[in-house]
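Below is one structure; the comments refer to it alone.
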Amino acid sequence: MNKASNFPLHTYLLFPAIAMLLGWGLRGEIGGGPFGAMIPGAMVALAISMLLGFKPGFTALIVVFGVVGVGLGGEMTYGQTLAFLLKPETVWWGNLATTIKGAVWGIGGGAILGLGLIHKRVPKKTILIALAVLMIGMLLGFKLINDPKLIYFSDPVNKPRSESWAALLFGALAFVGYLKFKIEKEDFKIVFRFAKWGLIGGALGFGIGGLWFVLGSYLPGVMFNSWWKMMEFTFGLIFGASLGYAAWLSRDELNREKEIEDAGKTLGIGTELLLILGMGVGFYGLFPALLEPVVDQLNDGDGIISGAAGDILRVFVNYAFYGFFMLFVILYKKELAWQIGISLT
């Protein structure tokens with residue numbers, strides 16, 4: 001048996017926790033949104049893969065699942081949500097909001113990472129359909145709760161933000177629900193475990209982390225006042241520890257994955273750089289520039305057809321579609337996994 005199985009529980013808790021803490025701190029320095037959230041996703045996936053003793057080629061694939069899962073939660077806006085914590089009359093509403101958003105972040109991120117850990121046991125078609133179901137669930141969440149602001153966690157008066165927490169929640173539940181009926185019971189147990197502990201860790205991490213803003217509102221003159229950074233560190237620490245605990249609980253069930261070396265053929269350096277550069281330009285520049293103005297124009301229209309078209313296209317400018325594309329690529333072109341998981345991130 002690989003020595004990795006002998007790591008004690010505290011190592012499974014601390015190593016992913018510190019890795020994700022650092023990843024969240026880097027995200028705050030490098031860039032926000034879902035693309036910034038890819039960083040802690042990659043780092044926690046690397047830490048868990050090392051603890052489980054996975055070979056480098058298989059680890060590369062797991063990293064992309066981590067990048068997609070954790071990055072997805074970055075679609076949520078929470079700047080105005082955190083502002084609620086600065087006022088005594090709205091502090092509990094703000095804490096409820098951060099706890100819910102953290103839970104949503106955790107359940108989706110945990111479920112996709114969990115699927116990644118057992119993805120060799122699951123048909124590629126099932127994985128891709130599950131991701132498509134996730135996007136359909138997101139669309140329902142947008143239309144039923146987020147767009148009508150049925151439950152709204154941002155400022156409704158001063159520059160109200162477009163919320164997506166319900167879309168991500170509906171998407172994650174649809175994703176997990178679909179897998180429950182499509183994969184083996186023992187495999188689903190792992191996906192559900194990561195979703196459950198991701199939910200718990202995300203809720204506690206963001207819920208507790210947001211309380212640094214409450215403390216900061218009572219300590220305006222102290223030398224240290226980087227409360228946002230403390231929130232990020234706390235979120236990453238607890239979220240990472242919870243995913244590490246799920247990995248520890250699953251260590252025996254994932255034992256056979258240790259023998260998988262799935263690096264694939266080695267591409268030439270020029271080919272690798274050209275492909276990853278093309279993806280980077282498409283993800284960060286070309287695709288948003290072409291589609292986002294069209295989506296905005298359609299959503300501003302009054303017609304039923306234009307509104308329906310805008311709803312469909314909004315999925316294609318959402319990080320969920322980029323995640324779908326990244327996973328599609330590595331499932332069929334696994335040689336690009338390291339480049340997507342590390343270079344693109």
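Overview of results
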read-out: Distance between the range 267-297 and the range 178-229 - C-alpha centres, whole angstrom; value: 31 Å
read-out: Student exercise, the range 1-119 dipole from Lys, Arg, Asp, Glu Cβ charges, in Debye to nearest 20; value: 240 debye
read-out: Added length on full extension, which subtracts the Cα-Cα distance from 0.36 nm per residue, Val157 to Phe328; value: 57.5 nm
read-out: Separation in nanometres of the label points that stand 7 Å from Cα toward Cβ, at Glu259 and His10; value: 3.4 nm
read-out: Length-normalised contact order for the chain - Cα pairs under 8 Å, 6+ apart - percent; value: 26 percent
read-out: Which listed pairs, of Lys55/Lys180; Lys120/Lys196; Lys101/Lys185; Lys101/Lys196, have C-alpha distances above 25 Å, in listed order; value: Lys55/Lys180; Lys101/Lys185
read-out: Gain in span if fully extended, Ile30 to Ile129, counting 0.36 nm per residue against the direct Cα distance; value: 32.4 nm
read-out: Anisotropy class of the range 8-159 from Cα gyration tensor, a/c 1.5 cut; value: oblate
read-out: Values of log10 I(q)/I(0), in the order q = 0.11, 0.14, 0.17 Å⁻¹, for the range 3-262 under a Debye, Cα-only, solvent-free model; value: -0.57, -0.89, -1.25
read-out: Only Lys, Arg (+1) and Asp, Glu (-1) charged, at Cβ; the chain dipole about Cα centre in debye; value: 800 debye
read-out: Helical segments meeting 15 Å axial Cα length and Kyte-Doolittle 0.0 threshold in the chain (DSSP H); value: 9-30, 33-52, 56-73, 91-117, 124-141, 165-182, 185-209, 227-249, 269-281, 287-300, 304-316, 319-332
read-out: Qualifying GluC sites (Glu not before Pro) for the range 18-117 [loop in DSSP, other Cβ within 10 Å: at most 12]; value: Glu89
read-out: In nm, spacing of pseudo-spin labels at Thr266 and Leu215 (7 Å Cα→C-beta vector); value: 4.9 nm
read-out: Label-point separation in nm, Trp93 to Ile136, each point 7 Å along Cα→Cβ; value: 3.6 nm
read-out: Listed residues Ile340, Ala166, Leu61: farthest to the positive end of the dipole of the chain (Cβ charges); value: Leu61
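Read the figures in this text as sums done on the coordinates, not as results from a lab. Since the structure is predicted, the reported quantities are computational estimates derived from the model, not experimental observations. Quick reminder, even Gly has a Cβ in these numbers, built from the backbone with ideal geometry, and neighbours come from all protein chains shown.
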